[in-house]
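Data block below; observations after.
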């Protein structure tokens, strides 16, 4: 099995639907002492092959949203209402919230995969990288032969920029950046149509971060999967996203192309977020340096 | 490195800003530290406290209201009757009266050993972990040795070594304390080491606090739930160990405890003779008291690990939500908290 | 007014792997000065040694070699128990630096009492309220009664700042003070520190991995890499005209809102080898020096 490029170029197969994921009026509540609505009536559409940035600060609900979309949320979180529909490129629509357990298991990772926050610590410490990659394959592609599995694991690892020789390494023998790449490789193995990445580069050095981002964009260009990229780092999203959704207190307050968000922000919170990141080489933003307050003009 | 979060899944515990904002919005008054540390009154806790309370009450004031347990009568082994609620022993002594005094004896020993063992474990565990270095290694080795030595045999040996005349309540208590403090000290040591590395302890040192105050004022209060839990364990273990000792005839010679009652019941062939009123009540009291203490410990566990509390509340709410046919939003707090966000 | 002079500060850790012994030079011959009214930024990634320097300056760790000299205006040296009255620290994690068991009042009153800044309970209480007002925590009386978990991250960090200033500290070591705060609150807290610095003429060491805030907030920047200072100079010079390969790398790698829409996928890979250059560039003297302090080249 080789990794396919743009499926639309295949010719004989029907054109896959332009939207790959639809979320409609999703509401998620945390049932604790004083119940908290973490996600409030969120609706969004993810186009095929698009990088959608989901920006917001702690507690805005972005991670809860990501988990709820593929039903990974755990008590005390509960989906109260809403619909999540996955538009497969060939098999029609799937209602994710009503899938049975077995169907959900088959769906996960095959059509939609996820790179978690702190994913670097999600590698099993007692087995090799190769074993973990092949584990995914034995679970979801039971018909593959051993040699094919081995080759696929090696080629995907190479794809994310890790040398094949690292297949036999254990998790602790790899640096943080490499572990993150292995996690991304694992997420790519089954050629999903959607990848959800939750703060994948937050705990990494800024230099390594940039290298990983470069890989992600390059892979997206090559394999045409859609990405929901969740982070609080707005400048990062501005560089790599096609569209950006700004989340505040469980709601999406603004959703627009990256260029528009930067040049022409509408919502006051978006403006505030933008104004919180001083430009490295440009003018001083809303910083007080010598007693002069420039915060009145934030754009 | 921004926003380091070691967990890989979101949980309400990771959004303290949100909780603070919600509390703000509801206008909650700040509660004092101790008040906030108390467990919530669940059915488990109420049951546990009732059991402990009832038995403790029985042990404390029971002896004032019962007959003299040492009076020997001619009636011999007799079943419960109007005169003797729980019947009599083979020497005609009133079982109910004996039970009251025995409960008091067991409680005394339980409490004594609990306190002694906790003090010992606190000393070797907390102090060693805070000082670190050689002292920590030495204390740790010391407690590991005591941990490895089998408890009951050691108690039996020491007990047997001490002549019966000198085997009073205090001696037994000390023996039980010495053999029982080690496990608890390991737990306290681990907790202290975890707390010691926290920023607020470093901050206290940077502020200029002396070591003694750092331990007493910064570390100890955060150890209270664990200490309480260990104390409860120690009491349970002490009562059971003492019962075991007494049953073997190595118990305190001059006082009467539930264990000694069982010992005499065994010697008086209570089981073969079918005299259930002699051995079941003391056994039952031990079991019920242990159960009560364990239930209290479960509640303390919820304080030590707040996620247990959240899990319980979730189950409760889900039941309520399933029963309700109406909109599940009835209990949800409106989250228009943009104001409190920017005000921080 | 208090100044700190750090000369050739080093911290070595001995790592034992079985029978092998390795020395890890966490901090290697670092020298710098902190003077009243100036902010010096110490910039570096994780593992660069910057936190170790903070811990040594606040006397939580003992240096392996080198000297930390604290002097008053008139030249008298400060040492022993008085040290802590002059040098204080703000910790990185606002959720961990306050004891959950004690009230806010306790946190600020203790240093006041320990360093004899007030006499008697009434005066101490008054001063606590004053300090809370000073860091914009109002209403002070209400805040003083609260406990840490009832405050947001930004509020807690303000308490931490108030606590640091309570003993009358003249030198403030801020170890990544805003890294763990929400993005939109960071500027407020940094502005607060700037204001307090102006009002009290403090000497501030601002430790961070974020180049942008380092540039806007400080007068001088020291770039740290693997325990050594590789570049030092006025903030604008170091950022806009970086000389050392590592500094150039940091500047390139930082996400910049001004670069929105840049095609990240086609960037060339970083040259990691060039970062092994262990010499230091000083913008003030325009000289390259090696680890021992000898001048290699003047530019």
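The values are calculated or read from the model by the stated rules, or taken from the named source; none is laboratory data. Keep in mind it's a predicted model, so treat the numbers as computed, not measured. Reconstructed Cβ throughout: ideal geometry from the backbone, glycine too, with neighbour counts over all protein chains shown.
Details
- Residue in segment C:96-112 that is surrounded by the fewest Cβ atoms within 10 Å (Cβ to Cβ), counting only those that are closer than 14 Å to residue B:206 by Cα and more than 7 Å from chain B (Cβ to nearest Cβ): C:112
- Only one entry of A:163, A:233 meets the criterion of being surrounded by fewer than 24 Cβ atoms within 10 Å (Cβ to Cβ) and either more than 19 Å from residue A:55 (Cα to Cα) or within 13 Å of the chain's Cα centre (by Cα) (or both), and that entry is A:163.
- Residue B:236 being assigned to a helix (DSSP H, G or I), within 13 Å of chain C (Cβ to nearest Cβ) and surrounded by fewer than 23 Cβ atoms within 10 Å (Cβ to Cβ): no
- With respect to the conditions (1) out of contact with any helix residue (DSSP H, G or I) (no Cβ under 7 Å at 6 or more places or on another chain); (2) crowded, with 16+ Cβ neighbours inside 10 Å; (3) within 14 Å of chain B (Cβ to nearest Cβ), residue A:50 falls short on a single one, namely (3).
- Qualifying residue in segment B:296-314 (condition: in contact with a helix residue (DSSP H, G or I) (Cβ under 9 Å, 6 or more places away or on another chain), at pLDDT below 50 and at the interface with another protein chain (Cβ under 8 Å from one of its Cβ atoms)): no
- Answer residue from segment B:205-226, given it is surrounded by 16 or more Cβ atoms within 10 Å (Cβ to Cβ) and assigned to a loop (DSSP other than H, G, I, E, B) and is nearest to the other protein chains (Cβ to nearest Cβ) among those: B:208
- When C:95, C:91 are checked against the criterion of being under 22 Å from residue C:156 (Cα atoms), under 20 Å from the mean Cα position of the chain (by Cα) and modelled with pLDDT under 90, a single residue qualifies: C:95.
- Test: residue in segment A:80-96 that is within 14 Å of another protein chain (Cβ to nearest Cβ), under 23 Å from residue A:47 (Cβ atoms) and buried (at least 16 other Cβ atoms within 10 Å of the Cβ): yes
- When B:288, B:245, B:295, B:250 are screened for being within 17 Å of the chain's Cα centre (by Cα), buried (at least 18 other Cβ atoms within 10 Å of the Cβ) and touching a residue at least 60 places away in the same chain (Cβ under 8 Å), only B:295 passes.
- Only a single criterion out of (1) farther than 18 Å from residue C:239 by Cα; (2) within 10 Å of another protein chain (Cβ to nearest Cβ) is not satisfied by residue C:174, namely (2).
- Taken together, C:125, C:149 contain a single residue that is at the interface with chain B (Cβ under 9 Å from one of its Cβ atoms) and either crowded, with 16+ Cβ neighbours inside 10 Å or without any contact (Cβ under 8 Å) to a residue 60 or more places away in the chain (or both), which is C:149.
- Those strands (runs of 3 or more DSSP E) lying entirely in segment C:29-95 with at least 3 residues surrounded by fewer than 22 Cβ atoms within 10 Å (Cβ to Cβ) and either more than 10 Å from every other protein chain (Cβ to nearest Cβ) or free of Cβ contacts under 8 Å to residues at least 24 places away in the same chain (or both): C:65-72
- Meets criteria (at pLDDT 90 or above and within 13 Å of chain B (Cβ to nearest Cβ)) for residue C:167: yes
- Residue-level check: of (1) closer than 20 Å to residue A:27 by Cβ; (2) part of a strand (DSSP E or B), residue A:63 misses just (2).
- Only listed residue being at pLDDT below 90 and farther than 21 Å from residue B:318 by Cβ, chosen from A:77, A:55, A:47, A:12: A:12
- Boolean, residue B:288 is away from chain C (no Cβ under 14 Å), at pLDDT 90 or above, in contact with a helix residue (DSSP H, G or I) (Cβ under 8 Å, 6 or more places away or on another chain) and part of a helix (DSSP H, G or I): yes
- So residue B:157, is it more than 14 Å from chain C (Cβ to nearest Cβ) and out of contact with any helix residue (DSSP H, G or I) (no Cβ under 9 Å at 6 or more places or on another chain): yes
- Test: residue in segment C:181-191 that is modelled with pLDDT under 95, under 17 Å from residue C:218 (Cα atoms), in contact with a strand residue (DSSP E or B) (Cβ under 9 Å, 6 or more places away or on another chain) and more than 8 Å from chain B (Cβ to nearest Cβ): yes
- Check on residue B:129, surrounded by fewer than 15 Cβ atoms within 10 Å (Cβ to Cβ) and farther than 23 Å from residue B:288 by Cβ: no
- Residue check for residue A:133: buried (at least 21 other Cβ atoms within 10 Å of the Cβ) and more than 27 Å from residue A:62 (Cβ to Cβ): yes
- Among residues of segment A:16-33 that are more than 18 Å from residue A:66 (Cβ to Cβ) and within 14 Å of chain B (Cβ to nearest Cβ), those with a Cβ under 6 angstrom from a residue that is part of a strand (DSSP E or B) and at pLDDT below 90, sequence gap 6+ or separate chain, pair up as A:31/A:78.
- Summed over segment C:188-227, residues that are more than 16 Å from the chain's Cα centre (by Cα) and closer than 25 Å to residue C:249 by Cα total 1.
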